[in-house]
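Here's the structure, in structure tokens; my notes come after.
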Amino acid sequence: MIHSGRFGFVGRRLLQAIPLTLVLLLLVFAMLKVVPGDPAMQVAGPRASAATLQAIRVQLGLDQPVWEQFLHYLGRIATGDFGTTATGSTKVGTLIASGAPVTLVLLAVSTVFTVLIAGATALLAARRPDGLVDRMINVMAAFGVGVPTFWLGIVLLAGVALPTGAFPIGGWGDTPATVLRAAVLPALALSVSVAPVLMASLRSGIVEARRSEYHAAAQAAGVRGWKLTRGFVLRNAAVPPVSLLAALTTLLLSGAVVVESTFGLPGLGLSLTQAAQNRDFNVIQGLTLVFSLAVVVVNLVGDVLVAFLDPRVMV
Amino acid sequence: MALAPAQVLGRRRVRRDPGATGTAALVTGAVLLALLLAASFVSGALTGHDPALTDLTARFRPPSPQHWFGTDQLGRDVFARVLVAAGTDLPLALLGAAVPAVIGIVLGALAGYARGWIGTAVMRLADLIQAFPSYILLIVLVFLLGPGAGSFLVGAAVGAWVTYARLVRGVVLRLRELDYVRAAQAAGLGHTRVLLRHVLPNALPQAVVYAASDIVLALSYLAALSYLGLGIQAPGIEWGQMIADGQPFLRNQWWVSVMPGLAIILVGVAVRLIAGGLERRLQR
Amino acid sequence: MSPLLRITDLVLETGPAAAPVRPVSHVGFEVAHGEAFGLVGESGSGKSLTLRAVIGLLPEGVRQAGGTLELERDGAMRPYRFAEVRGRGIGMVFQEPMTALNPTMRVGDLVTAGPRARYGWSRRAARSRAVDLLAEVGMPDPKAQARMWPHQLSGGLRQRVMIAMALATEPSVLLCDEPTTALDVAVQDQILRLLHRIRTERGLSIVFVTHDLGVVRRLCDRVAVMYAGQVVETGRVEEVFTRPTHPYSAGLLRSMPTQDTPRDRPLAAIPGGQPGAGDRPEGCRFAPRCGHALPACAGLAHVLAAVPGSPSRSACIRVADLGGPPLDREALLSPLPGGTA
Amino acid sequence: MSAGTPLLQVDDIVVDYRPRRGRTGGPPAVDHVSLDIPRGRTLGLVGQSGCGKSSLARVIAGLAAPTGGTIRLGGAELPAPRGRTDATRIQMVFQDPGSALNPMHTVRRTLTELLLVHRRAAGRSAATDRAVELLELVGLGAAVLDARPRGLSGGQRQRVGIARALAVEPEVLIADEAVSALDVSVQAAVLNTLRDLGARLDLTMLFISHDLAVTRYVADEVAVMHRGRIVERGLPDDVLRNPRHEYTRSLVAATPRMDGPALSAPEEARPV
């Protein structure tokens, strides 16, 4: 009946996500093969003798057939073992565990900012389509998209954090209060480049709903005020932005990588940048996997949300 | 490159006054970029300061009539260096948008027109690539291919074509059902001719307008990569790199790091003008 | 007795205030109680805009620049404010069943949205009233269909939901904007019969906009023929269709093939095309295409005058000297060459 | 309608859009249709949306391959897909004036491209002259040569559509709801042109429409299509005045006529 349609749809999306994840795992694993240079050499150093190199290769299981190595790799991933960092001091797993909360908080706060900024400006812009306010907001939006996140971070540091001291000029907090305070500026920098996309989608959703025949039909039937706006405008205008949410979260995630280095936040983004700078393969492989799996999950959540908001999505 | 913000902004159906044909915006934008690019070759003569000349006596001069953007930690004129950097940033940003544009348009048109397995194959590949957030894709490529312009361009090509492909495929799928395409097929014109002469020309305008705003994205990715030390390396000069180099002196000499960002925004404005102008010209 | 709805001297404008364009200029007509009034014309004649002006739902950029809209209340014609009549005196049905129903709302909630807002029906009362309304418009399974979404219904059923939604607030006038144009002939017939039944059962007046002369004949008692933003003829349907008093109505009636149109001669098409809102000539707007035009017609002020020997009213000054209606008599048929419209 | 073997012979055509295993229950879009049109005559095909008339038209025009059945022109079977020359032998005029012409091309380019590709004219100037001839044939002139579809009225666009179909000198012209989207007065003018061309060029035509009266006026013979099958065929006045098949009767009764009964007339008040 009706409901099975939606849960059926969600079930199908889940099934579709599994092959995608497997392919991602394969790709990330394959990265090992593409890396220039010999992994064993990286461990033992360039001057190691052929015998030591061979021993390391056996120890790392590099001599086994590829698909066996892949299964072995899957086994290790399942238990959270992503290998050790280049310096060998910490396990990549712990690095991920410590960095994840920072990145998650940053994403959460910037998502809140993005929704607030986009929501407010969209409602303002949609009040009089093509009016002065609407055109001005569109220009600012075009600006926002063009402003590099890391530069905005620096301007916020120079213009707000340093002079007022109200916000730390880098690093993370340890209590919820200090964490929030540390997250405000980076999250703001991050959301300014993403909010315009959500704003444009919400704005066009509202304008189109107001210009639609079902809106006129409701008015003709005497529906007015908040009932009209909620039931016939917002409910329909929310569909396009929600379907964009997954893509926007991916944008935020992507931006976070840069913002974390501007503000020195100890998140997964900073680890990824540092790993790239120090050519730390295991960290890159582990983080790439974590990030892409996160995107798969976010897309899934996005599809589910759309399915519940828009009954036509029964495909 | 996961989702190009400009794509959504570009699709506004706005009733602009029919008078403005968009040429004014188009010309201003293009002239701005051309001037910036030209200035990058003669920045020394233009500003009266040799961008590479270190002069420790002139360290950290704030912005002034002599030094519009002030001087940096080695006493070099920041404005002159910003102009020189344009010679690196602009061409790479243009290429970073053009390369994926070509790939995306071709694959998108094929996926839309041929449908069948080609269509699904292209779209599955697109889903896969979009599973990697753009910076992560770039950073992994830098790791594999080493820092520098090369990995940026490969990253742009691998990541950004997806949006073009989706845009063009959508348009081609719609155009394919229109009567005039059916009429061309019925009149015995071969599929290649119908696709190249009748379908693509009507799909290109939207792709070109988007491409114009994709340059802004490509520039911000290039600058970010260099800011992270994974893009343009010294002795090359690039805006993101300049911002990163100036960050340690942010407390008292904010201009060293802040000023190069203005150039990026100026390019963003110019390209936005071009995109707006193009859109209005093509809608006419 | 006084009519139920009266529109006088309606003027609609669009474009800059300094140099406005008038898609509708000085349109007037009356609709009696329980009467089905047809507003017929080709695309661009302004019929749809006129209908939307009656309930104040003009598209963005179009504004009412003149004219009065009156509804009869306790014996007197009184101008009304749109907020007063929407969902009370006047209801409206739209053309595209696909876009006229809120896609994210169940049919039952949609149908009772009006009365819940206007009369404060409770949720429970609304649910049962919804089923009754859907039954009244002939839905095969009202209880189940009340819980379905619009996109799950066929075009014909969606149009019935549209009608139920308009009837829910007990209007005295139902405005219909080409509700059957997008439908199949068989489904259209059912909807026309439904509208006729509801009109007789509820004593409802209907204002029906269409380009289809057959539908007007089928459903309407009186009709107004619109051309280039003006009413050029108005009268009882049998009268206008058999003895047209305006060359455009005559030309329109002749150009539409019927079961017994002679098949060996070309159709009497009207040469040229209907002028757009921006480039309408002075005086009689049909003059450039009219076989009977005189120089005087170009300077003509538009007036819907009575016609000697016919209950219809016409804007053509030559009706009398052409020997009165029907203007499409063989004698009058100036050789209308196959037009190159 | 004898006159030797008919020019167009359509035998036992089936069109089924459902995937092979999903074809249980319910008829295919076109369910074993056979029809033929003698040279120089016009067959009218009437049916409501979804009856399969457009699917049939696209198969005959070579735009889609049928699931089953054959199409013969002048006795010889047309292969699917058709080669360049075979493709020109049957041409189509489409319904929607808004999308019938390539919005970016001028009328000149739309016509000359076809004339040059199919070598119906040697060189650009010869192609332009031939294009003007074609435009005059359909009641337009050289004035519209350099206009883009945006600058033409609905009626003019449909006329250019007819000129385009005639450019490759087809043997059969299919008009698929070619006047349905036009206003009544414009429709009459285009119908006159179609009838006039039919006579002057001795065109063999398949005129497809949902409008009974229009089809009766244009066609020499009328076939009625319902749920993928031809349910009735005969002379226009017979099919309309005394329809034999139940569906045709209901179609004629449901079609509102300018000279038909009003619903308020007493005998019409049947329950809904």
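The values are calculated or read from the model by the stated rules, or taken from the named source; none is laboratory data. Note that the structure is a prediction, hence the values are computed from the model and not measured. Virtual Cβ from ideal backbone geometry, glycine too; neighbours counted across all protein chains shown. In case anyone asks, the SASA skips ligands and DNA or RNA and just uses the protein heavy atoms, side chains included. Shrake-Rupley method; radii C 1.70, N 1.55, O 1.52, S 1.80 Å.
Evaluating C:Phe241 against the criteria (1) at the interface with chain D (Cβ under 9 Å from one of its Cβ atoms); (2) open to solvent by 10 Å² or more (accessible area, probe 1.4 Å); (3) modelled with pLDDT of 95 or more leaves one unmet condition, (3). Could you check, for the range D:31-41, whether at least one of its residues is within 14 Å of chain C (Cβ to nearest Cβ) and open to solvent by 20 Å² or more (accessible area, probe 1.4 Å)? Yes, the range D:31-41 contains a residue that is within 14 Å of chain C (Cβ to nearest Cβ) and open to solvent by 20 Å² or more (accessible area, probe 1.4 Å). Report, by residue number, each residue of the range D:20-47 that is in a strand (DSSP E or B) and among the hydrophobic types (A, V, I, L, M, F, W, C). Hits for the range D:20-47 are D:Val30, D:Val33, D:Leu35, D:Ile37, D:Leu43, D:Leu45, D:Val46. Taking the range A:282-304 as the range and being in contact (Cβ under 8 Å) with a residue 40 or more places away in the chain and open to solvent by less than 20 Å² (accessible area, probe 1.4 Å) as the test, the residues that pass are A:Val283, A:Ile284, A:Gln285, A:Gly286, A:Leu287, A:Thr288, A:Leu289, A:Ser292, A:Val295, A:Val296, A:Gly302.
Just to be sure before I move on: is A:Arg127 within 30 Å of C:Gly91 (Cβ to Cβ), open to solvent by 50 Å² or more (accessible area, probe 1.4 Å) and either more than 14 Å from chain B (Cβ to nearest Cβ) or in contact with a strand residue (DSSP E or B) (Cβ under 8 Å, 6 or more places away or on another chain) (or both) in the structure I sent?
Values: within 30 Å of C:Gly91 (Cβ to Cβ): yes; open to solvent by 50 Å² or more (accessible area, probe 1.4 Å): yes; either more than 14 Å from chain B (Cβ to nearest Cβ) or in contact with a strand residue (DSSP E or B) (Cβ under 8 Å, 6 or more places away or on another chain) (or both): yes.
Yes, satisfied.
Just a yes or no: is a residue in the range A:100-118 surrounded by fewer than 21 Cβ atoms within 10 Å (Cβ to Cβ) and within 28 Å of C:Glu60 (Cα to Cα)? Yes - at least one qualifying residue is present in the range A:100-118. Aromatic (Phe, Trp, Tyr), away from chain C (no Cβ under 14 Å) and either in a helix (DSSP H, G or I) or surrounded by 23 or more Cβ atoms within 10 Å (Cβ to Cβ) (or both) - does that describe any residue in the range A:211-220? The answer is no; no qualifying residue exists. The residues listed here are D:Ala100, D:Ala65; of these, the one that is within 14 Å of chain B (Cβ to nearest Cβ), in contact (Cβ under 8 Å) with a residue 60 or more places away in the chain, of a type outside the set (Ser, Thr, Tyr) and closer than 16 Å to B:Ala186 by Cβ is D:Ala100. Say whether the condition of being open to solvent by 20 Å² or more (accessible area, probe 1.4 Å) and away from chain D (no Cβ under 14 Å) is met by at least one residue in the range C:34-47. Within the range C:34-47 (the criterion being open to solvent by 20 Å² or more (accessible area, probe 1.4 Å) and away from chain D (no Cβ under 14 Å)), the answer is no, since none of the residues qualifies. From A:Ser261, A:Ser243, which residue is at pLDDT 90 or above and either of a type outside the set (Phe, Trp, Tyr) or not assigned by TED's automatic domain parsing to the domain that holds A:Leu123 (or both)? Matching residue, one of A:Ser261, A:Ser243: A:Ser261. Scanning the range A:186-198 for residues that are open to solvent by 10 Å² or more (accessible area, probe 1.4 Å) and either hydrophobic (A, V, I, L, M, F, W, C) or not in a helix (DSSP H, G or I) (or both) gives A:Leu188, A:Val192, A:Leu198.
The set of residues in the range B:37-83 being open to solvent by 40 Å² or more (accessible area, probe 1.4 Å), free of Cβ contacts under 8 Å to residues at least 24 places away in the same chain and touching a helix residue (DSSP H, G or I) at 6+ places or on another chain (Cβ under 8 Å) consists of B:Trp68, B:Leu74. Look at (1) within 14 Å of B:Ala114 (Cα to Cα); (2) in contact (Cβ under 8 Å) with a residue 24 or more places away in the chain; (3) open to solvent by 10 Å² or more (accessible area, probe 1.4 Å); (4) of a type in the set (Gly, Ala, Ser) and you find that B:Ala165 fails only one, number (3). Scanning the range C:183-209 for residues that are facing chain D (nearest Cβ under 10 Å) and either assigned to a loop (DSSP other than H, G, I, E, B) or not basic (Lys, Arg) (or both) yields a total of 15. Each residue in the range B:222-243 was checked for being open to solvent by 10 Å² or more (accessible area, probe 1.4 Å) and either aliphatic (A, V, I, L, M) or facing chain A (nearest Cβ under 10 Å) (or both), and 6 of them qualify.
Which of the residues spanning the range A:271-281 are under 28 Å from A:Pro168 (Cβ atoms) and either open to solvent by less than 30 Å² (accessible area, probe 1.4 Å) or outside the structural domain of A:Gly153 (by TED's automatic domain parsing) (or both)?
Initially, the range A:271-281 is screened for residues under 28 Å from A:Pro168 (Cβ atoms), giving A:271-278, A:280.
If the condition is that a residue be under 28 Å from A:Pro168 (Cβ atoms) and either open to solvent by less than 30 Å² (accessible area, probe 1.4 Å) or outside the structural domain of A:Gly153 (by TED's automatic domain parsing) (or both), then A:Ser271, A:Leu272, A:Thr273, A:Ala275, A:Ala276, A:Asp280 are the ones that fit.
Let's see how each residue does on (1) among the basic types (Lys, Arg); (2) more than 17 Å from the chain's Cα centre (by Cα); (3) modelled with pLDDT under 85:
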| residue | (1), (2), (3) |
| --- | --- |
| D:Val14 | no, yes, no |
| D:Gly26 | no, yes, yes |
| D:Val33 | no, no, no |
| D:Gly44 | no, no, no |
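When the residues of the range A:305-315 are filtered to those that are modelled with pLDDT under 85 and of a type in the set (Val, Ile, Thr), the one that is surrounded by the fewest Cβ atoms within 10 Å (Cβ to Cβ) is A:Val315.
Once the range A:136-155 is narrowed to residues that are open to solvent by 40 Å² or more (accessible area, probe 1.4 Å) and at pLDDT below 90, the residue that is nearest to B:Tyr221 (Cα to Cα) is A:Phe143.
Any idea which of B:Gly190, B:Gly150 is within 14 Å of chain D (Cβ to nearest Cβ) and at pLDDT below 90?
Values: B:Gly150 fails: within 14 Å of chain D (Cβ to nearest Cβ).
When all the criteria are applied, what remains is B:Gly190.
Which condition number in (1) in a helix (DSSP H, G or I); (2) away from chain C (no Cβ under 13 Å) is the one that A:Val233 fails? The number of the failed condition is (2). The residue of the range A:156-185 that is surrounded by the fewest Cβ atoms within 10 Å (Cβ to Cβ), among those that are touching a helix residue (DSSP H, G or I) at 6+ places or on another chain (Cβ under 6 Å) and free of Cβ contacts under 8 Å to residues at least 12 places away in the same chain, is A:Gly173.
Here are D:Ala126, D:Ala121: which of them is assigned to a helix (DSSP H, G or I), away from chain B (no Cβ under 14 Å) and surrounded by fewer than 23 Cβ atoms within 10 Å (Cβ to Cβ)? After applying the criteria, what remains is D:Ala126.
Within the group B:Leu110, B:Leu138, B:Leu90, which residue is more than 25 Å from B:Val168 (Cβ to Cβ), touching a residue at least 12 places away in the same chain (Cβ under 8 Å) and outside any loop (DSSP other than H, G, I, E, B)? Reasoning before the result, please.
On the way: B:Leu110 fails: more than 25 Å from B:Val168 (Cβ to Cβ); B:Leu138 fails: more than 25 Å from B:Val168 (Cβ to Cβ).
One residue alone meets the criteria, B:Leu90.
Could you pull out every one of the strands (runs of 3 or more DSSP E) wholly within the range D:150-258 that has 1 or more residues that are more than 14 Å from D:Gln91 (Cβ to Cβ), open to solvent by less than 20 Å² (accessible area, probe 1.4 Å) and not acidic (Asp, Glu)?
D:204-209, D:221-226, D:229-234
Quick one: is B:Ala186 under 30 Å from D:Ala100 (Cα atoms), of a type in the set (Gly, Ala, Ser) and in contact with a strand residue (DSSP E or B) (Cβ under 7 Å, 6 or more places away or on another chain)?
So B:Ala186 passes the test.
Considering only residues that are assigned to a loop (DSSP other than H, G, I, E, B) and among the hydroxyl-bearing types (Ser, Thr, Tyr), look in the range D:76-118 and name the one that is farthest from D:Lys53 (Cα to Cα). It comes out as D:Thr106.
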